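I have placed the structure first, in the form of structure tokens, so that the comments after it can refer back to it.
The values are calculated or read from the model by the stated rules, or taken from the named source; none is laboratory data. All values reported here derive from a predicted model rather than from experimental measurement. Please note: Cβ atoms are built from the backbone with ideal geometry, for glycine as well, and neighbour counts cover all protein chains shown. Side chains included, ligands, DNA and RNA excluded: accessible areas come from the protein's heavy atoms. Shrake-Rupley method; radii C 1.70, N 1.55, O 1.52, S 1.80 Å.
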Amino acid sequence: MTPVVTQTHMPETTDFDAAKILSPLRKTSSAQSVQQLADEQLAHFGIAPDSEFGQTLHRAATSLYDLHMDVQRMWELTTRTLKDLDRGDRVAYFNAKKFLCFQLAKVLDTLQNPFRKTYQSLEFGESSTYAKGPYPIFDNVTALFSANPVIVRTATYIYACTEWVDDAFQGREFLHEIYSRLLNPTSISLANYVVDVEAGPHAAEYLAWNFNSGMAAIDGLLGHLLQTGDILIASRNVYGGVYQLLHDYYARPEKLNVALEWFDGTTTAEFEAFLGDVRARHDQALEQGRRLYVYLESPCNPFGYVLDIPGICKAAHAHDHLVIHDATVGTPFLHKPLQRPDKAERPDFVVHSYTKDLTGNGNATAGVVIGENHRMFQPKGDCSQGVSWDKTLFWGVYYIKGAFLDAEKAFEVISGMKTLELRMKQKCINTLILARYLNSHPEIQVNCNAVSEHFNHELCQKVMRFGLPAPLFTIDFEAADLPRDAFVRFFDSLTPGLDHQVSLGQSNTVVLCPALTSHSEMKEEALRKAGIAPTTIRIAVGLENPKETLSHLIHALRLGVDPIRPGFSARFMTPEDTDRMVREIHEDVHRLFLDDAASMEALLS
């Protein structure tokens with residue numbers, strides 16, 4: 001079973017152990033030398049050692065055993081010395097190893113010739129030839145060098161021998177993936193990619209498992225952690241589907257009877273006070289062994305408010321409570337919670353719905369959970385940092401429940417993520433423009449931390465990259481006291497400038513009324529506590545020209561509202577001020593990125 005992220009820590013092995021791992025008898029071999037390993041290999045496959053072919057195969061096998069010992073030493077040297085190398089040496093080391101990969105592949109490619117010739121000599125009949133298709137290893141070596149990860153459309157995989165596949169089922173052979181419900185090379189490429197992006201210099205500490213939707217990832221993780229009677233603190237503003245999952249499933253007495261505690265604040269001080277109250281209310285359950293977990297969504301849906309994730313994590317960890325952070329809306333572009341230098345400030349698990357901005361075009365549903373290695377995967381029988389192998393997310397959920405991500409969707413997410421920075425930068429610019437323009441109207445309430453007087457603005461400046469807002473916020477018309485039919489006429493006229501769709505994170509700007517769609521499962525009191533009014537409109541900002549988006553909104557106001565409230569659409573900032581604001585925001589944001597970029601001198605040092 002291959003862990004989603006390839007091994008980055010040097011295993012403790014002797015040189016001979018490194019050679020022995022290549023043997024078909026790796027678990028039962030009695031060999032004491034490389035020569036004896038090659039002898040055993042020939043005998044295992046019935047090859048006469050004194051034949052010309054046997055002697056040639058023996059030399060080849062001996063060379064491979066020696067080679068694997070050298071590669072293992074190279075791994076140890078890299079792990080030990082890489083941090084002390086300058087950039088020029090790292091480039092040299094990379095390209096030397098890259099070429100070595102081509103040399104190894106060339107050996108495998110050359111081996112295909114006698115391999116294929118032998119296969120063809122078996123002369124299967126026509127029926128068998130049709131049924132078998134091309135042998136899997138043939139012609140696939142060059143796929144290693146595809147400029148994009150190959151979309152691996154297969155349910156299962158061939159394996160080398162009995163002892164290797166036995167190790168695979170124990171989680172100890174990382175070459176054999178066995179079955180695509182568990183692992184698939186394309187999905188593994190995505191998981192490696194998202195860990196590198198999310199964890200950066202700490203990537204070696206984390207693994208990721210991909211799921212077939214964001215909700216599947218969240219449910220898989222919660223179902224793995226929560227037990228009957230546990231306590232879950234959840235931030236008030238969460239995606240409506242998460243609210244429904246928590247309220248209508250986990251909290252139900254006939255299910256897990258989890259005690260839900262809704263946190264209404266955003267700051268560390270508010271959380272510490274709330275946590276103290278929750279612990280006091282549930283002290284008996286905690287004394288009886290029930291666990292308390294923290295679930296945070298930041299930036300949150302539908303308002304885009306942010307929580308002080310580092311401070312809240314540190315406060316929760318002071319009491320040994322695990323923290324789950326749904327970071328979907330911000331993406332790693334705006335917020336990298338796993339890159340905090342102080343580990344206590346990092347959440348224990350980060351969840352993303354790939355469906356949203358990470359993919360960016362709305363053409364795939366997918367999700368991911370990222371966590372520390374020892375919580376995500378260990379070979380059977382192992383125990384690390386107090387966590388047993390059977391308590392890891394892989395064996396406890398992924399291996400048995402089947403909520404895997406298929407290769408086609410994984411490829412779509414990888415393709416989308418390549419343009420994440422370009423898209424998110426423009427979306428942040430557009431969010432600033434839309435929010436500030438709409439805020440210029442005296443009867444429109446803008447719930448967005450891009451507005452300087454907003455209660456969440458200061459915290460956004462503190463925890464988000466450059467203080468930029470997430471491309472998600474709400475407006476409402478409660479202060480305008482519009483008749484319902486006028487509001488509905490206006491909302492229905494917003495398309496096609498602002499599209500009527502129920503997702504977010506796409507290339508186009510999307511609007512919905514949360515009370516009627518994404519949060520419709522919430523009762524009136526719950527909506528009120530979440531700050532969602534009947535006229536609340538969630539705006540998921542896209543990549544369009546923001547002035548065109550605003551002009552269409554004004555035309556919709558003219559159609560729906562002006563007939564009963566003359567002049568309502570004319571109370572925004574002037575067109576001249578709008579043009580000036582748009583230019584200033586574009587220049588300011590791009591200047592932030594230019595000033596933050598590494599200098600040429602630093603890159604050459």
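Report, by residue number, each residue of region 10-40 that is in contact (Cβ under 8 Å) with a residue 24 or more places away in the chain, farther than 19 Å from R172 by Cβ and open to solvent by 40 Å² or more (accessible area, probe 1.4 Å).
D15, Q35
Determine whether region 109-127 contains at least one residue that is basic (K, R) and either farther than 17 Å from E177 by Cβ or in contact with an Asp or Glu (Cβ under 7 Å, 6 or more places away or on another chain) (or both).
Yes: one or more hits.
Please state which one of L434, L422, L482 is without any contact (Cβ under 8 Å) to a residue 12 or more places away in the chain and of a type in the set (A, V, I, L, M).
Residue meeting the stated conditions: L422.
Would you confirm whether any residue within region 546-562 is outside any helix (DSSP H, G or I), surrounded by fewer than 19 Cβ atoms within 10 Å (Cβ to Cβ) and out of contact with any helix residue (DSSP H, G or I) (no Cβ under 7 Å at 6 or more places or on another chain)?
No, region 546-562 contains no residue that is outside any helix (DSSP H, G or I), surrounded by fewer than 19 Cβ atoms within 10 Å (Cβ to Cβ) and out of contact with any helix residue (DSSP H, G or I) (no Cβ under 7 Å at 6 or more places or on another chain).
Name the residues in region 149-199 that are free of Cβ contacts under 8 Å to residues at least 60 places away in the same chain and among the charged types (D, E, K, R), would you?
Of everything in region 149-199, just one residue is free of Cβ contacts under 8 Å to residues at least 60 places away in the same chain and among the charged types (D, E, K, R), namely D196.
Which residues, taken from region 592-605, are under 29 Å from the mean Cα position of the chain (by Cα) and either outside any helix (DSSP H, G or I) or surrounded by 10 or more Cβ atoms within 10 Å (Cβ to Cβ) (or both)?
Within region 592-605, L592, F593, A597, A598 meet the criteria.
Does E173 meet the test of being surrounded by 21 or more Cβ atoms within 10 Å (Cβ to Cβ) and not aliphatic (A, V, I, L, M)?
yes
Exactly one of (1) open to solvent by 30 Å² or more (accessible area, probe 1.4 Å); (2) at pLDDT 95 or above; (3) over 27 Å from the mean Cα position of the chain (by Cα) is unmet by L516. Its number?
Failing condition for L516: (2).
What tally of residues in region 322-347 results from selecting those that are surrounded by fewer than 21 Cβ atoms within 10 Å (Cβ to Cβ) and part of a loop (DSSP other than H, G, I, E, B)?
Total satisfying the criteria: 4.
Scan the helices (runs of 4 or more DSSP H) fully inside region 394-491 and keep the ones with 2 or more residues being open to solvent by 30 Å² or more (accessible area, probe 1.4 Å) and within 25 Å of D308 (Cα to Cα).
Of the helices (runs of 4 or more DSSP H) lying wholly inside region 394-491, those with at least 2 residues that are open to solvent by 30 Å² or more (accessible area, probe 1.4 Å) and within 25 Å of D308 (Cα to Cα) span 420-439, 457-463.
Under 8 Å between Cβ atoms, which residue pairs at least 6 apart in sequence (or on different chains) link something in region 374-402 that is under 15 Å from A217 (Cβ atoms) and of a type in the set (S, T, Y) with a partner that is crowded, with 18+ Cβ neighbours inside 10 Å and modelled with pLDDT of 95 or more?
Final answer for the pair search is Y398/W209; Y398/G220.
Conditions tested, residue by residue: (1) in contact (Cβ under 8 Å) with a residue 60 or more places away in the chain; (2) under 29 Å from the mean Cα position of the chain (by Cα); (3) over 23 Å from V463 (Cβ atoms); (4) surrounded by fewer than 16 Cβ atoms within 10 Å (Cβ to Cβ).
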site: Y249; (1), (2), (3), (4): no, yes, yes, yes
site: K255; (1), (2), (3), (4): no, yes, yes, yes
site: W262; (1), (2), (3), (4): yes, yes, no, no
site: E272; (1), (2), (3), (4): no, yes, no, no
site: D283; (1), (2), (3), (4): no, no, yes, yes
site: L286; (1), (2), (3), (4): no, no, yes, no
site: G289; (1), (2), (3), (4): no, no, yes, yes
site: Y295; (1), (2), (3), (4): yes, yes, no, no
site: P299; (1), (2), (3), (4): yes, yes, no, no
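Taking region 510-545, which residues are in contact (Cβ under 8 Å) with a residue 12 or more places away in the chain, in a helix (DSSP H, G or I) and either touching a Cys at 6+ places or on another chain (Cβ under 7 Å) or farther than 20 Å from D499 by Cα (or both)?
A526, L527, K529
Run I532 past the list (1) open to solvent by less than 10 Å² (accessible area, probe 1.4 Å); (2) among the aliphatic types (A, V, I, L, M); (3) in contact with a Pro (Cβ under 8 Å, 6 or more places away or on another chain); (4) at pLDDT below 95 and report the number of the one that doesn't hold.
Of (1) open to solvent by less than 10 Å² (accessible area, probe 1.4 Å); (2) among the aliphatic types (A, V, I, L, M); (3) in contact with a Pro (Cβ under 8 Å, 6 or more places away or on another chain); (4) at pLDDT below 95, only one is false for I532: (1).
Need a quick list: helices (runs of 4 or more DSSP H) entirely within region 41-148 having at least 1 residues that are exposed (fewer than 14 other Cβ atoms within 10 Å of the Cβ) and touching a residue at least 12 places away in the same chain (Cβ under 8 Å).
52-81, 87-121
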